Amino acid sequence: MNRKLFSLPLSIQEELLALARMLRRGRGTFVLAFARCNVVPLREWLVEALRDALAPAGITIHETELTPETPDLPAALAAAGGGGDPLFVYGLAGVMPSSAPEWAQAQLNERRGLYQKLGRPLVFWLEEYALRLLARGAPDFWAWRSGVYEFALPPAAREALLEREVRGVDWVTQWNLERAAREARLHLLRGLLDEYASEERGERREAAL
């Protein structure tokens, strides 16, 4: 039994199982998918649960982290090992500046045929704001998607993370962090804001029904 999977809320279990089915069916072929996940701790937990779910089928998840120094996105993904096994891609938001929409056009839209040649399932894990940015900046690439899988923090976990990372933090100490640590923290806080904003939009939609 996959204990990580069955410890998650039912809504997340169902979405994760749908993603696992897609990865099993798509092994060895190009499949493009996006996973919306606003906070890294949840993403890490989900990926571990997926590893456990796919291991009996002999499928290994491979991962690559993009950085602002990644000049050639297709080449970076082609260099990742793993043959036809799934490749999870993190950090696209950091190399896709909102002030330079031509980047998405050049790296994603105009070169999308290169991704197809990878011959493997390709899953970009993105925060909600980055997902919207990609859909606007690279509509042709976005249109190739086989699915968008959405994962939200359960309310109790979100409140615990807020307590630990915001209310219980010595903010004076935060100013002395190394740049990479500060950026990681800002990334986490932005993800938390996206979580609350998503919940508020959902409540407004329900109220309008």
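Restriction of the GluC sites (Glu not before Pro) in segment 29-122 to DSSP coil positions whose beta-carbon has at most 11 other beta-carbons within 10 angstrom yields 69.
So if each residue of separation counts as 0.36 nm, and I subtract the Cα-Cα distance between residue 21 and residue 40, what length gain in nm does that give? Numbers along the way, then the final one.
On the way: separation 19, 0.36 × 19 = 6.84 nm, distance 2.28 nm.
So the chain would gain 4.6 nm between residue 21 and residue 40.
A simple spin-label model places the labels of residue 102 and residue 129 2.4 nm from each other, with each point 7 Å out along Cα-to-Cβ. When the chymotrypsin sites (Phe, Trp or Tyr not before Pro) in segment 81-155 are filtered for DSSP coil states and for at most 13 other beta-carbon atoms within 10 Å of their beta-carbon, no site remains.
No value in this document is a laboratory result; all are computed from the given coordinates. Model, not experiment: these values are computed from the prediction. Using ideal geometry, Cβ is built from the backbone for each residue, glycine included, and neighbour counts are taken over all protein chains shown.
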